[in-house]
Amino acid sequence: MVDPSAIPISAPPLSIVIATYNDWAPLNLCLQSLGEQIDAPGFEVVIVDDGSNEIAPDFIRNWSRHYPLTVVRQIHQGISAARNLGIENSRGDVLVFVDSDCKLQNRCLATLDSRISENPQRNYFQLRLIGDCSRLVGRAEELRLITIQSHMLQPDGHIRYLNTAGFAIRRIPADIAGGLFDTSALRAEDTLLMVNLMKNGELPWFIDDAVVQHAIPRSLFACFLKDIRSAYLERSTYDIIAGKGVKFRVSHRERVSMLRSMWKTSAQRSIGRLAWFALAIRQGLRFAILPLGDASGLRLASRVSAKPS
């Protein structure tokens, strides 16, 4: 457990920024995982309530007994505006973004801090994401994440993928005043951020041993409904990307290769073939809504040429 007496009063090395909207129960588990960090550097947690139906309950605020915790509330404006507000209310040298339905493995922050210190020339870091294999939805998510992260990992250690369920950035290059996230992007805001990084010749550095579990609490049917809603919202984000002269395209060969890889991986007993079919249906729904030329159902990175540092 984190010892509150060991937490420095000055600005901590890490600021954990979590935007939430009516997700108090999953968020409580996320905060618990932060309280169970081993050998973690000093950190603070900034929760941004994006206009939930009720204010943060006591069981959320009580985590302030374990580490510095700030809860700020805004009218419902979307996740991009919420994360920008979280940045404004944070103090750490490194900003770490996680979702309210994520759980950090108990050495995640210690490993992240170590890898960042070892790479002073790098500013952007993608943590490894895993699914919760205790449920079908989680096994499908595990299958999706394994496939994307393995196919998008570059030989030099960078990754053509950015997911704010587990993403870190040094404060210095972040455009705090202008807002790191484009508030016109109601969904796929991390994809848009990825495009902006790639246009500047940057890619996140992949930290394989700093692990975050994306523990989706919804049922499979609820996921289908969210996928449909999200895809419609993402269309406007891809319009923004198109305006930047960047198209999201995954070649037919690459798409087939990934499908084959998913099928092979689903043979693992911890995942199973049913997860493949569940994932295929979810991605099929996205394909039916999103312009095929703009994005793949797996939310892969752009084909823009990038020369990472």
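Each value in this text was obtained by applying a stated rule to the coordinates, not by laboratory testing. Keep in mind the model is a prediction, meaning the values are calculated, not measured. Cβ coordinates were reconstructed from backbone atoms using ideal geometry, including for glycine residues, and neighbour counts include every protein chain displayed.
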**Request:** Go ahead and estimate [θ] at 222 nm for the chain from helices alone: -39,500 (n - 2.57) per DSSP H run with n ≥ 4, summed, over the residue count, rounded to 500.
**Result:** -12500 deg cm²/dmol
**Request:** Calculate, in nm to one decimal, what Arg218 and Gln32 gain on full extension: separation in residues at 0.36 nm each, minus their alpha carbon distance.
**Result:** 65.0 nm
**Message:** How charged is the neighbourhood of Gly272? Take every other residue with its Cβ under 12 Å from the Cβ of Gly272, and add Lys/Arg as +1 and Asp/Glu as -1.
**Reply:** +3
**Fill in**
Between the modelled labels at Gln77 and Ala267 (7 Å from Cα along Cα→Cβ) the distance in nm is 5.1 nm
**Complete:** Under the rule rounded for a/c under 1.5, else prolate if a/b exceeds b/c, else oblate, using alpha carbon gyration tensor axes a ≥ b ≥ c, the stretch 219-281 is classed as oblate
**Request:** Classify the stretch 126-261 as rounded, prolate or oblate, taking a ≥ b ≥ c as the square roots of the eigenvalues of its Cα gyration tensor: rounded when a/c is under 1.5, otherwise prolate if a/b is larger than b/c and oblate if not.
**Result:** rounded
**Fill in**
Plugging the Cβ-Cβ distance of Asp39 and Thr70 into 1/(1 + (r/R0)^6) at R0 = 30 Å yields, to the nearest 0.05, a FRET efficiency of 0.80
**Request:** Rounded, prolate or oblate: pick one for the stretch 59-197, where a ≥ b ≥ c are the square roots of the eigenvalues of its C-alpha gyration tensor, a/c under 1.5 means rounded, and failing that, prolate if a/b is larger than b/c, else oblate.
**Result:** rounded
**Asked** By how many nm would the segment from Glu54 to Ile228 lengthen if fully extended, with 0.36 nm per residue of separation less the alpha-carbon distance?
**Response** 60.1 nm
**Item:** Gain on full stretching of the segment that runs from Ala11 to Glu254 - 0.36 nm per residue minus C-alpha separation
**Value:** 83.0 nm
